[in-house]
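Read the structure below first, then the notes.
The values are calculated or read from the model by the stated rules, or taken from the named source; none is laboratory data. Keep in mind that what you see is a predicted model, and the values were worked out from it rather than measured. A quick note on method: Cβ atoms are made from the backbone with ideal geometry, for glycine too, and the neighbour counts reach across all protein chains shown. Surface areas here come from the heavy atoms of the whole protein model, side chains and all, with no ligands, DNA or RNA. Shrake-Rupley method; radii C 1.70, N 1.55, O 1.52, S 1.80 Å.
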Amino acid sequence: MRSALTFVAVAAIGLVTASAVSAAELIRVGNAGRESFSFTPANIGKEVGIFAKHNLDLDIAGFGGDAKLQQAMAANAVDIGLGSGPGLAFIAKGSPVKGIAAMAGPPLIFAMVVRADGSVKAIEDLKGRKVAISTVGSATNWLMNEVSRQHGWGFDGFTQVPIGENSARIAALKSGAVDACVVDIGSALNFVQRGDGRILMRFGDVAKNFIMHVIFATDTAIAQKPAALTAFLQGWFETIAFMRANKAKSVAIALTVMGTDEATTSGIYDELMPMFTNDGRFDPAALKVLSRSFVEMKTLADEPDMSKLYTEAFLPKN
């Protein structure tokens with residue numbers, strides 16, 4: 001009798017456990033770059049159980065850039081996209097998504113590096129010289145335009161050379177094909193640590209009012225999974241709080257995602273944690289800068305109605 005009761009109790013516990021597992025809703029999360037620290041909160045929150053606490057199971061995939069991420073969302077291959085603020089322009093062009101949280105502010109993710117043995121000692125030394133960027137119309141392109149404008153040189157103070165990946169930009173700098181390059185902070189720190197050069201400038205002060213990264217949701221997810229979107233954002237901002245309080249654990253998880261070493265990842269953490277927002281609100285001044293950038297980069301012919309590109313309906317209420 002006692003054995004039978006024990007079996008029933010164990011079976012009941014098993015049913016409860018199975019029910020709890022089945023209650024977790026699968027959310028497909030895409031990001032614009034798997035190796036970027038900016039998007040690792042999804043991995044960290046999943047690893048430490050924060051999203052599971054909100055009954056979510058995340059399926060995370062990288063798509064190698066904003067354009068590919070937007071294509072994946074348009075095809076309903078993902079529910080949520082972790083991309084860039086400039087990616088809001090895709091919505092004005094008809095992409096079936098909306099921004100649901102401003103997840104990072106100033107563009108701390110980028111730095112400009114120069115060779116250790118080069119003649120460039122200050123930004124003024126670069127006027128009229130070659131600077132490697134990722135692509136035309138990219139955030140790196142706009143930031144260099146903004147640096148030029150703020151120095152009173154118009155939009156053509158530098159010869160911008162679109163080269164592509166961070167590694168290609170660094171290679172062009174080392175070979176002398178360009179005089180400087182704008183790369184992500186991880187590539188910049190590695191460049192400095194190897195003794196190849198130094199960081200000439202960071203871009204936090206160039207665009208203090210900015211939205212570097214946005215969390216997007218597809219129109220389909222907004223219509224069909226509103227509770228899951230709210231739960232995801234709750235989990236996201238709890239993860240940001242966890243990361244601020246637990247550097248060692250956050251770095252340990254992030255480096256496995258990014259493929260970087262502990263020293264580099266620790267440095268990236270120190271550089272980038274200040275850019276993450278704690279509430280996801282869309283700052284009007286930052287939205288205005290983004291709107292202006294769309295026209296300056298010829299992404300859009302006219303400044304859009306930014307209020308139609310995002311919603312704050314799914315943000316945590318407290």
With springs connecting C-alpha atoms under 10 Å apart, model the chain as a Gaussian network and identify which of 81, 94, 164 has the largest mean-square fluctuation.
-> 94
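Suppose all protein chains stay in the model; what accessible area per residue would a 1.4 Å probe give for the chain, in Å²?
On the way: 14040 Å² over 318 residues.
On a per-residue basis, 44 Å².
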Given 68/98; 247/288; 130/298; 127/174; 208/288; 121/288, which pairs have Cα atoms separated by over 23 Å?
-> 247/288; 121/288
Given the chain, what percent of its DSSP beta bridges are antiparallel, to the nearest 5?
-> 55
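With a 10 Å radius around each residue's Cβ, average the other Cβ atoms per peptide and rank 59-71, 29-41, highest first.
29-41, 59-71
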Sum of side-chain charges, residue 117 neighbourhood, beta-carbon under 13 Å (Lys, Arg +1; Asp, Glu -1) = +2
Residue 93 and residue 285 label points (each 7 Å along its Cα→Cβ direction) are spaced in nm at 3.0
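Report the net charge of residues surrounding residue 37, where surrounding means a beta-carbon distance below 12 angstrom and charges are Lys +1, Arg +1, Asp -1, Glu -1.
Details: positive: 34; negative: 35, 184, 270, 271.
Overall, the nearby charge balance is -3.
Fully extended, how many nm does the chain gain between residue 127 and residue 245 (0.36 nm per residue separation, minus their Cα-Cα distance)? Write out the running numbers ahead of the final one.
Numbers: separation 118, 0.36 × 118 = 42.48 nm, distance 4.20 nm.
That works out to 38.3 nm of additional length.
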Under the rule rounded for a/c under 1.5, else prolate if a/b exceeds b/c, else oblate, using alpha carbon gyration tensor axes a ≥ b ≥ c, region 191-294 is classed as oblate
Restricting to lysines and to Cα separations under 26 Å from residue 249, and discarding same-chain partners fewer than 8 apart, the set is 46, 53
Divide by every residue of the chain the summed helix terms, -39500 (n - 2.57) for each DSSP H run of at least 4, and state the resulting mean residue ellipticity at 222 nm, rounded to the nearest 500 deg cm²/dmol.
-> -13500 deg cm²/dmol
What net charge do the residues around residue 137 carry, taking every other residue with its C-beta under 11 Å from that of residue 137, with Lys and Arg at +1 and Asp and Glu at -1?
-> -1
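In percent, what relative contact order does region 113-246 have, based on Cα pairs under 8 Å that are 6 or more apart in sequence?
On the way: 151 pairs, mean separation 38.1, N = 134.
The value is 28 percent.
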Once amide H atoms are placed 1.01 Å from N in the peptide plane, what residues at a sequence separation of 5 or more from residue 31, or on another chain, have their amide H within under 5 Å of its amide H?
-> 61, 62, 63, 82
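Put 58, 300 in order of accessible area, largest first, 1.4 Å probe: what do you get?
On the way: 58 5, 300 25 Å².
Output order, biggest surface exposure first: 300, 58.
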At a probe radius of 1.4 Å, what is the per-residue accessible area of residue 270, in Å² to the nearest 10?
-> 90
Straight-distance crosslink candidates among aspartates and glutamates, where the alpha carbon sits under 17 Å from residue 93 and sequence neighbours closer than 8 are dropped | 66, 219, 296, 302, 303, 305
If you roll a 1.4 Å probe over region 197-249 with all protein chains in place, what percent of the accessible area is carbon or sulfur?
-> 52
Quick one: among 106, 86, 162, which has the greatest mean-square fluctuation in a GNM of the chain with alpha-carbon springs under 10 angstrom?
-> 162
